[in-house]
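Here is the structure we will look at.
The values are calculated or read from the model by the stated rules, or taken from the named source; none is laboratory data. None of the values given here were measured: they were computed from a predicted structure. A quick note on method: Cβ atoms are made from the backbone with ideal geometry, for glycine too, and the neighbour counts reach across all protein chains shown. Only protein heavy atoms, including side chains, enter the accessible area calculation; ligands, DNA and RNA are left aside. Shrake-Rupley method; radii C 1.70, N 1.55, O 1.52, S 1.80 Å.
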Amino acid sequence: MPDLWIVVSLMAAIFQTVRFMLQKVLATSTLSAAGATFARFLYSAPFIALLLVGYTQATGARLPALDARFWGFGLLGGTTQIFATICVVLLFKERNFAVGITFKKTEVIQTVLVGAILLGDRVSWGGLGAILLGLVGLLLLSGEKEARGFRLSGMANRAAGLGIASGVLFAFSAVSYRGASLTLATDDPLMRAGVTLMAVVAMQTVIMTVWLWLRERGEMTRVWQARRVAVWIGLTSMGGSLCWFIAFTLQNAAYVKALGQVELILSVIASTLFFKEKITVREAIGMTVLVASILLLVLVI
């Protein structure tokens, strides 16, 4: 049997792919990028609360104390995740679904750097090589559809900018969540994940409510009107976030995010079968290189 962190990371990738599919549908037809992001937090919060209450009742476990370091890490992670999600939703309007998700995967190499800075996490030379190979795949994807060759200048476009920005922000988010969960005085990974997730989503919901009230007041009404679809965003968001948080408590965030690149394969399937989008040869090559980096990473860790 594979290690638990591998299983939950794969489950997280599945949940996240479905959630982004739903957000793409809403963002291109009903809601703004901020509205589609808000829907994720608003509709997941009740399910997370019920899950945490049910778990404590079933196990008799007590909630751990939350100190200033926990709230600091949680606020940093929650805020950067909001902006990262908005970048990804905006990216879906620039490129197809699969390429949008692939751009987001710049978070892997950046998670290594952020993890080293914030938490002192280290990655082996073999693991770093696998992650760098994945970066090559991302460079292949960075050019516009008509791009030829392999040039760093190909990253000087809006889609690449949004993708790289989302990667940086998701990297800070992932490492911050790991930092928050590790401050909790419990060895139970489910409790750590549940408490961290509930606290973060509560903060995110408040932040987004204030933002929309000040800047896009009518968007909250549209989020409610879209509840039949948005509630599924909440459920898949809860499932994905819970799995990510469990994985972060068990393993280096860089390894977790690197294995999570399996989401790329799922995004190709969604892009071609569900959204009926075409993938160019260059994009296919870039994705293939990324898949190779995933397999290499699994072999060296």
Can you grab the distance from the C-alpha centre of region 14-63 to the C-alpha centre of region 239-280, Å, no decimals? 16 Å
Roughly how many percent of the accessible protein surface of region 213-254 is carbon and sulfur, given a 1.4 Å probe and a whole-percent answer? 57 percent
Using 19 Å as the Cα-Cα cut-off, could you pick out the over-long pairs in LYS24/LYS257; LYS24/LYS276; LYS93/LYS257? LYS24/LYS257; LYS93/LYS257
Given points 7 Å out from each Cα along the Cα-Cβ axis, report the THR28 to PHE275 separation in nanometres with one decimal. 0.5 nm
Please report, in whole Å³, the volume per residue of the convex hull around the C-alpha atoms of region 169-217. 78 Å³
Total charge dipole magnitude, region 167-301, about the Cα centre, Cβ charges on Lys, Arg, Asp, Glu only, Debye to nearest 20: 380 debye
To the nearest Å², the heavy-atom accessible area per residue of region 156-217 with 1.4 Å probe amounts to 39 Å²
Checked region 196-289 against the a/c 1.5 cut and the a/b vs b/c comparison, axes a ≥ b ≥ c from its Cα gyration tensor; verdict oblate
Charge dipole (region 195-301, unit charges on Cβ, about Cα centre) - positive-most of PHE275, GLN261, THR221: THR221
Leaving out ligands and nucleic acids, note down the accessible area per residue over region 1-78 with a 1.4 angstrom probe, in whole Å². 48 Å²
